[in-house]
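A short worksheet on the structure shown next.
Any read-out appearing in this document is the output of simple, stated calculations on the displayed coordinates, not a laboratory observation. Just so we're clear, the structure is a prediction, and the values are computed from it rather than from any experiment. Cβ: placed from backbone, ideal geometry, glycine included. Neighbour counts: every protein chain shown.
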Amino acid sequence: MAVISTFCKKGGVGKTTFIGYIAHYYATQGKKVLVISVDDQNSIFRIFGKEDKIFEESDNYLEFLMANVVEMGDVLIEVRPNLHVIKTLNTDKLSMKLTLERSQEKVIKKIINEYETYFDYIFIDFPPSSSRLTEVLLDLSDSIIIVVGLDSLGLNGFFNTIQYFVDNDIDLNAIKYIVPNGFSLNRRAPKVSLDKLKEQALEFTPNAIVLPPMKDRSIVKNLQSDGVSVYDQLEDEAKRMTAWDVSNRNLLRDELKELFDEVKI
Ligand SMILES: Nc1ncnc2c1ncn2[C@@H]1O[C@H](COP(=O)(O)OP(=O)(O)OP(=O)(O)O)[C@@H](O)[C@H]1O
Ligand SMILES: [Mg+2]
């Protein structure tokens with residue numbers, strides 16, 4: 001039972017990709033896994049080719065659960081065996097509610113506690129924007145994983161994230177891992193950024209482990225545009241994917257496995 005969040009105050013750095021893949025990896029290991037999307041884009045569904053589920057049954061959002069209109073089982077959407085996702089409607093609205101009504105904080109804590117009795121892992125996928133809900137959920141996370149893009153904007157994202165934690169009095173020690181994303185062997189800039197990130201991590205989050213970087217691989221985008229997860233076993237793989245894509249997918253799978261095995265959560 002652990003609540004794990006991926007966070008970064010910069011968009012498009014790979015938070016949802018990382019969380020979707022690690023969640024699926026644990027699910028393939030027989031763990032019961034829940035991903036709560038608090039990003040109203042609900043882009044986690046795209047990773048599993050389940051976009052149609054976002055608009056299906058419009059009362060099955062986290063907000064309706066919080067309002068006590070639906071039950072805990074109603075909002076669980078199965079995207080793979082052992083892997084469920086909860087979608088969110090509008091974080092700003094929810095945030096306003098939380099600001100207005102402190103009792104809503106208790107409600108979300110109670111919901112998470114109850115899910116914890118059933119799921120082995122609860123992952124929370126955040127948008128880069130933050131709200132009162134962000135603080136509440138980060139506060140109750142056992143581990144926070146910061147995903148950082150390896151370019152200058154990405155590094156700003158890391159710095160802004162630290163600033164956000166400090167400004168909102170969120171415990172920096174809860175940051176257990178930092179995942180650099182977008183590494184490339186052939187380009188100098190990501191390597192320089194990685195060195196800078198390691199320096200900054202040492203200064204601001206000395207207890208966090210900087211994981212080996214995720215490489216910039218076009219297969220990630222290809223898979224996501226086809227709604228295929230890296231850990232899917234497709235029976236008609238040879239028909240649906242080129243040999244080149246299959247070999248790159250296998251490479252990505254191995255790289256990610258190595259990365260995920262370093263994460264102790
Ligand atoms: N290692 C990678 N190699 C290539 N493409 C990647 C990689 N990681 C992520 N991407 C692509 O980058 C885009 C953004 O990724 P993702 O949605 O995971 O980021 P995010 O941080 O969750 O974004 P947001 O801030 O909008 O929630 C997606 O199109 C994804 O396919
Ligand atoms: Mg995202």
- So how much slack lies between residue 232 and residue 32, counting 0.36 nm per residue of separation and subtracting their Cα-Cα distance, in nm? 70.3 nm
- Item | Rounded to 5, percent antiparallel among DSSP beta bridges of the stretch 1-134 | 15 percent
- Mind jotting down the distance between the C-alpha centroids of the stretch 169-190 and the stretch 198-265, whole Å? 15 Å
- As straight-line cross-link partners of residue 50, the qualifying aspartates and glutamates (C-alpha separation under 18 Å, not fewer than 8 residues apart within one chain) are 39, 40, 59, 74, 78, 125, 226, 232
- Query: Here are some pairs, 53/191; 191/257; 31/198; 31/239; 31/87; which of them have Cα atoms lying more than 27 Å apart in this structure?
  - Reply: 53/191; 31/198; 31/239
- Taking the chain and counting helices only, DSSP H stretches of n ≥ 4 at -39,500 (n - 2.57) each over all residues, the nearest-500 ellipticity at 222 nm comes to -14000 deg cm²/dmol
- Treat the count of other C-beta atoms within 10 Å as a stand-in for reagent exposure and order 205, 242, 161 from fewest to most. 242, 205, 161
- Note on the structure: For residue 196, the lysines lying under 19 Å Cα to Cα, once residues fewer than eight places off in the same chain are dropped, come out as 9, 10, 176, 215
- Message: Suppose we flag trypsin sites (Lys or Arg not before Pro) only when DSSP calls them loop and at most 11 other Cβ atoms lie within 10 Å. Which is the longest uninterrupted stretch of the chain?
- Response: 103-263
- Message: Counting other C-beta atoms within 10 Å, and keeping those with at most 16, which DSSP coil GluC sites (Glu not before Pro) do you find in the stretch 176-265?
- Response: 235
